[in-house]
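These notes are about the structure you will find just below.
Throughout, read-outs are computed from the coordinates displayed, never taken from laboratory work. Quick caveat: nothing in here was measured; it's all calculated off a predicted structure. Please note: Cβ atoms are built from the backbone with ideal geometry, for glycine as well, and neighbour counts cover all protein chains shown.
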Amino acid sequence: MEILIIEDEEPAAERLTELLKQYDAGIRPLAILPSVQAAVKWFNEHPQPDLVLLDIHLSDGLCFEIFKQVKVKCPIIFCTAYDQYVLDAFQVHSIDYLLKPVQYQKLEKSLQKMEEIRSHAKSAISEVQFSDIINIIKTSQQTYKSRFMVKTGTKIKAIKSEEIAYFHSRNKLTLLVSKERQSFPLDYTLDELMTMLDPVSFFHVNRNLIIHIDAVKEVHPYFKGRLKLVLSPEHDEEIVISSQKTPLFKAWLDH
């Protein structure tokens, strides 16, 4: 397998090369490129590789600028430190992701997935898919709310984001619950809140609950690959992470 590495951090590139050799000594790294400009030049002068390992942030900008200038027709594995919302965007057939620092077991699974894709000769990645990812990247880089103004009696009080334990929705009412166990009604839906909250700190568990990372007291294995959570302060309903969201939740918790 011939693999192109596009990574601007030399230690990260060296580690990827070592892990690739560990996986298969016959793998041939074609080049290690640090920038969008270098990648575009390489694609214009060489045939497509079997696979690209690609960092999102390069020395001269986001890697997606590459795809505006050249057509990449091979599978891609992104190496990223981004949060769950960006990871959601990678669930397409010819794209996979690895969280930094890259671990051998995860790389092994991704390479096996890519080899399966190649064996079935699936189509190249579409521009639409990259557009979706770019939009999510931009969203994840926005400025997030640092506080919420809430009513308490006849007064208005500011609750800092780091003082929030979770938001939950019940009977079409959204409540902010502080770490001090106080509840305050809000005029936002949970979906609206997720556009305002820093996804490094907050996770959308289900349609009725958003939690702050500091509110996670215990995590227990549950049936069929799911997880059961215990929060602090306690939530009055059972909290179960679906099997589909479990990998995203684990990545978020370990961020």
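My understanding is that a pair violates if its Cα-Cα distance is over 27 Å; which of Lys71/Lys113; Lys21/Lys245; Lys155/Lys217; Lys106/Lys145; Lys73/Lys245; Lys68/Lys250 do that in this structure?
Those over the limit are Lys21/Lys245; Lys155/Lys217; Lys106/Lys145; Lys73/Lys245; Lys68/Lys250.
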Simple spin-label model, 7 Å along Cα-to-Cβ: Asp236 to Glu10 in nm? 6.0
Computed label-point distance, nm, for sites Ser243 and Tyr222 using a 7 Å Cα→Cβ extension: 1.4
How far, in nm, would the chain grow between Lys250 and Lys73 when pulled straight, counting 0.36 nm per residue and subtracting the alpha carbon separation? 60.6 nm
Where does each of 216-227, 1-12 land if you order them by average Cβ count within 10 Å, highest first? 1-12, 216-227
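To the nearest 0.05, what FRET efficiency results for Gln103 and Asp24 with a Förster distance of 22 Å applied to their C-beta separation?
Working: r = 17 Å, r/R0 = 0.77.
The formula returns an efficiency of 0.85 here.
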